[in-house]
Amino acid sequence: KSYQVITPYEGQRSIIEEAMRSTSGLDWENKCFNVDSFQGNEEDYIIISLVRSRELGFLNNLRRTNVMLTRCKKGMFIVSSHRFLDGVGSTTLVGTLMEKMGSNAWLEMEDIEKGKIFGEEEDRNRSEIWVSQAL
């Protein structure tokens, strides 16, 4: 199983890569990309990291959002602020997906930290899991 991390902005990409490297001690080079540098590529699993913001910024650009959401072959995880996507981000494509998937598609950070990721059988069979971190 292969994976890549995609994020909208280069500054965020470098912070994520450095955090992964310093926390794990592993070489995370060529695992974390900004959307523009990943265009044309795909991977089995994609982890999408959205920034916490009061502005839509990147999510207003449908072309870049499309690139971000269509790079996975098997599944994706989206890490975001549930509050953001429920508020100002609700008008974006990602916000619409969140609404269509419903609350069962979201995992709260405290549940992840407690290891309660797959509590129900249907959770194990989901091909896409949306991860929400309340910030």
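Summary table
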{"item": "Residue match in the range 43-62 (condition: over 20 Å from M98 (Cα atoms) and in contact with a Ser or Thr (Cβ under 7 Å, 6 or more places away or on another chain))", "result": "yes"}
{"item": "Filter result (part of a loop (DSSP other than H, G, I, E, B), under 14 Å from the mean Cα position of the chain (by Cα) and either free of Cβ contacts under 8 Å to residues at least 40 places away in the same chain or surrounded by fewer than 15 Cβ atoms within 10 Å (Cβ to Cβ) (or both)) within the range 55-80", "result": "T70"}
{"item": "Flag if S81 is under 17 Å from T96 (Cβ atoms), among the polar types (S, T, N, Q) and touching a strand residue (DSSP E or B) at 6+ places or on another chain (Cβ under 8 Å)", "result": "yes"}
{"item": "Some residue of the range 13-31 being within 18 Å of I78 (Cβ to Cβ), part of a loop (DSSP other than H, G, I, E, B) and at pLDDT 80 or above", "result": "yes"}
{"item": "Sole exception among (1) part of a helix (DSSP H, G or I); (2) of a type outside the set (V, I, T); (3) at pLDDT below 85 for R52, by number", "result": "(1)"}
{"item": "Leading residue by the ranking (surrounded by the fewest Cβ atoms within 10 Å (Cβ to Cβ)) among those in the range 90-112 that are small (G, A, S) and at pLDDT 80 or above", "result": "S90"}
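The values are calculated or read from the model by the stated rules, or taken from the named source; none is laboratory data. Since the model is a prediction, treat every value here as computed from it, not as a measurement. Every residue, glycine among them, receives a Cβ derived from its backbone with ideal geometry; neighbour counts consider all protein chains shown.
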